[in-house]
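K.L.:
Below is one structure. I have some questions about it.
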Amino acid sequence: MIKVHLFATPNSVKVPLALEEAGLPYELVRVNVRAGEQRDPAFVSLNPNAKVPVLVDPDGPDGELVLTESAAILVYIAEKTGKMLPASGTARARVFEQLLFHASALSPNFGNAGWARGAENEGAQARFTPEANRLTDLLEAKLATQRFVAGDDFSIADIAHWGWFWRRGFAGIDFENRPNLQRWYDELAARPAFVTAEARVNALLG
């Protein structure tokens, strides 16, 4: 069975969301990043970068596969199952466009904005919070004309973005005056796979 080493973080939740949507059985392995468990030698042996999540698939294409980086894991799950990622063409390109926008822009800026808020660093807040809001508004505008972030079909790009909006308060982001983003978020949150995955991940906080 696939094992996912993770905690209740924006990047971690993406993996069980994708596994639930794909219909793959999996086991969650708790790595309490608040207690510094991501620096334990056993975990670092899986990911030298000491970051969650990590996926371990005993049935990988060449035997056991240990994979890090949430975006790479999402692509792997999608390609393994033939779900949530178009096989070719413009639709596939749009999914990758949003995945890379998430990895290079939205995710790091949300993380930095959250750190600045927690550290009460006014200079950093002045830099990162407006940028996090600007990026959010780009998605709001996109969702005014299409159902999902990469087009009219649900994809792993939606999972990638949803993970950070799930913890949007950390970055000081809200849905006020963003009705399209609110509609998209609520629609995904109500999907059975999302309900199950969110509950399993939140249980790690107990």
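K.L.:
Assuming a viscosity of 0.890 mPa s and a temperature of 25 °C, what translational diffusion coefficient in µm² per second does Stokes-Einstein assign to the range 144-194, Rh being the Kirkwood radius over Cα pairs? Walk me through the intermediate numbers first.
P.N.:
Working: Rh = 11.4 Å.
Calculated translational D: 214 µm²/s.
K.L.:
Within the chain, how many lysine pairs that are 8 or more places apart, or on different chains, have C-alpha atoms less than 24 Å apart?
P.N.:
Lysine pairs satisfying the spacing and distance rule in the chain number 10.
K.L.:
Just to confirm, what accessible area per residue do you get for the range 13-66 at 1.4 Å probe, in whole Å²?
P.N.:
Per residue, the range 13-66 has an accessible area of 50 Å².
K.L.:
Can you pull the percent of the chain's accessible area that's carbon plus sulfur, 1.4 Å probe, other chains left in place?
P.N.:
Within the chain, the accessible surface is 51 percent carbon and sulfur.
K.L.:
How many nm is it between the label spots at residue 3 and residue 66, if each spot is 7 Å from the Cα in line with the beta carbon?
P.N.:
1.0 nm
K.L.:
Using only the Cα atoms, work out Rg/Rh for the range 48-133, with Rh taken as the Kirkwood radius, to two decimals.
P.N.:
1.10
K.L.:
Oh, and also: Quick one: accessible area per residue over the range 77-141, 1.4 Å probe, rounded to a whole number of Å²?
P.N.:
Here the per-residue accessible area is 53 Å².
K.L.:
Would you mind pulling out the separation of the Cα centroids of the range 1-71 and the range 75-138, in Å?
P.N.:
If we compute the Cα centre of each part, the gap is 19 Å.
K.L.:
Compute the distance in nm between two label points, each set 7 Å from the Cα along the Cα-to-Cβ direction, one at residue 93 and one at residue 137.
P.N.:
Label-label distance for residue 93 and residue 137, simple model: 2.8 nm.
K.L.:
Using only Cα positions of the range 118-162, each an equal point scatterer, no hydration layer, compute I(q)/I(0) via Debye at q = 0.31 Å⁻¹ and quote the log10 values to two decimals.
P.N.:
Log10 I(q)/I(0), no solvent term: -1.06.
K.L.:
Right, another one. Suppose we take every Cα in the chain and form the convex hull; what volume per residue is that in Å³?
P.N.:
Considering the Cα atoms of the chain, their hull volume per residue is 124 Å³.
K.L.:
A further question on this structure: Just the C-alpha atoms of the range 101-206: what Rg/Rh do they give, with Rh taken as the Kirkwood radius? Display every interim value, and only then the final one.
P.N.:
Details: Rg = 14.2 Å, Rh = 14.4 Å.
Rounded to two decimals, Rg over Rh is 0.98.
K.L.:
Hey, another quick one. For the range 15-94, how big is Rg over Rh, using alpha carbon atoms and the Kirkwood form of Rh?
P.N.:
Here Rg/Rh amounts to 1.02.
K.L.:
Now for a separate question. Once R0 is set to 22 Å, what does the formula 1/(1 + (r/R0)^6) return for the Cβ-Cβ distance between residue 115 and residue 34, expressed as a FRET efficiency to the nearest 0.05?
P.N.:
Working from the Cβ atoms, E equals 0.90.
K.L.:
If you don't mind, another one. Heavy atoms only, 1.4 Å probe, whole protein assembly: order 59, 186 by accessible area, highest first. All intermediate terms of the calculation are to be shown ahead of the outcome.
P.N.:
On the way: 59 110, 186 75 Å².
Output order, biggest surface exposure first: 59, 186.
The values are calculated or read from the model by the stated rules, or taken from the named source; none is laboratory data. As the structure is a prediction and not an experimental result, all values here were calculated from the model. Cβ: placed from backbone, ideal geometry, glycine included. Neighbour counts: every protein chain shown. For the accessible areas, the whole protein counts, side chains as well, though only heavy atoms, and no ligand, DNA or RNA atoms are used. Shrake-Rupley method; radii C 1.70, N 1.55, O 1.52, S 1.80 Å.
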